[in-house]
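Structure, as structure tokens:
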Amino acid sequence: MPPLRVAVLASGHGSNLQALLDAFAAPAAPARIVLVISNKATAGALARARGAGVAIATIPEDGGDADALLALLERHEAGLVVLAGYLKRVPDRVVAAYRGRMLNVHPALLPSFGGAGMYGRRVHEAVLASGARVTGVTVHLVDEQYDHGAILAQWPVPVRPGDTADALAARVLEAEHRLLPAVVAAFARRSGGGGGEPRCSLAAEAFVSAPSLQPDFADALTTA
Ligand code: GRF
């Protein structure tokens, strides 16, 4: 069965992209990263893609128009699109064309701490300000609103006494690096390698294939 062809959109360092590149490097892997698109010419994600020999493309800093993005995705025959630290809204027509086949990773437990303007450090600052004892990672389908589509998988991460936003971000990012590839792998297995119909209940499968996350869950319970 051919691997699921995955396009990744990223605006930043690209550590989630790296986790995907590492997870799907083997020729027999169920998915393959075939294209990395960034709206920032200097994004670390582009350098990581180059390093892995993956095709790259840049789009205007404001995200550009739907036609250009769709043409790129179609030319590379992307069966799944992953937003990995992509900071612009994807045009509605692209969302519609990839409905059920576009994922986003968010560094908190949606529907809390999400929505317009809630990205990067701001998310973790809001979590700390709220007094929440548990935060986490959400992987969800993308729809026309920020951080709003159907939730596919979540993983809790403890907030520890004395945490700074940076410390919390680092702890959450570690969980992102495990959960996101697990969800993509589950998606690839269920879609038979060729994209296709929407799949909405991957959480259980992702958890089974990411058992090393479990100690963090226990930690979350004991500190809460
Ligand atoms: C991650 O926390 C992601 O969830 C958020 O921005 C960060 C990007 O990190 N949207 P990276 O670019 O993957 O290193």
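What number goes with the only condition from (1) closer than 21 Å to Leu180 by Cα; (2) away from the ligand (no atom under 12 Å from the Cβ) that Leu17 does not pass?
Leu17 satisfies all of (1) closer than 21 Å to Leu180 by Cα; (2) away from the ligand (no atom under 12 Å from the Cβ) except (2).
In the stretch 136-224, which helices (runs of 4 or more DSSP H) lie fully inside it and hold 1 or more residues that are at pLDDT 95 or above, over 13 Å from the mean Cα position of the chain (by Cα) and under 20 Å from Leu21 (Cα atoms)?
In the stretch 136-224, 165-190 are the helices (runs of 4 or more DSSP H) which contain 1 or more residues that are at pLDDT 95 or above, over 13 Å from the mean Cα position of the chain (by Cα) and under 20 Å from Leu21 (Cα atoms).
Residue-wise test of (1) open to solvent by less than 30 Å² (accessible area, probe 1.4 Å); (2) closer than 20 Å to Phe187 by Cβ; (3) among the hydrophobic types (A, V, I, L, M, F, W, C).
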{"position": "Val95", "(1), (2), (3)": "yes, yes, yes"}
{"position": "Asn104", "(1), (2), (3)": "yes, yes, no"}
{"position": "Pro111", "(1), (2), (3)": "no, no, no"}
{"position": "Glu125", "(1), (2), (3)": "no, no, no"}
{"position": "Leu128", "(1), (2), (3)": "no, no, yes"}
{"position": "Gly136", "(1), (2), (3)": "yes, yes, no"}
{"position": "Glu144", "(1), (2), (3)": "no, no, no"}
{"position": "Ala150", "(1), (2), (3)": "no, yes, yes"}
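Pull up the stretch 100-123, narrow it to residues that are among the small types (Gly, Ala, Ser) and closer than 18 Å to Leu173 by Cα, then point me to the one that is farthest from the ligand (Cβ to nearest atom).
Only one residue fits best here, namely Ser112.
Six or more apart or on different chains, Cβ under 6 Å: which pairs go from a residue in the stretch 8-36 that's closer than 19 Å to Ser191 by Cα and in contact (Cβ under 8 Å) with a residue 40 or more places away in the chain to one that's assigned to a loop (DSSP other than H, G, I, E, B) and within 9 Å of the ligand (Cβ to nearest atom)? Could you list them?
From residues that are closer than 19 Å to Ser191 by Cα and in contact (Cβ under 8 Å) with a residue 40 or more places away in the chain, the pairs are Val8/Ala84.
Give the residue, chosen from Ala78, Ala66, Ala97, Ala71, that is without any contact (Cβ under 8 Å) to a residue 24 or more places away in the chain and away from the ligand (no atom under 16 Å from the Cβ).
Ala71
Which of the strands (runs of 3 or more DSSP E) contained wholly in the stretch 2-120 include at least 3 residues that are more than 30 Å from Pro158 (Cβ to Cβ)? Let's see the steps before the verdict.
On the way: elements: 4-9, 31-38, 55-58, 80-83, 102-106.
Because the criterion is at least 3 residues that are more than 30 Å from Pro158 (Cβ to Cβ), the strands (runs of 3 or more DSSP E) in the stretch 2-120 that meet it are 4-9, 31-38, 55-58.
The values are calculated or read from the model by the stated rules, or taken from the named source; none is laboratory data. Treat the numbers as computed from the prediction; the structure is a model and nothing was measured. So basically every Cβ, Gly included, is an ideal-geometry build from the backbone, and we count neighbours across all protein chains shown. Side chains are part of the model used for accessible areas, which takes the heavy atoms of the whole protein and leaves out ligands, DNA and RNA. Shrake-Rupley method; radii C 1.70, N 1.55, O 1.52, S 1.80 Å.
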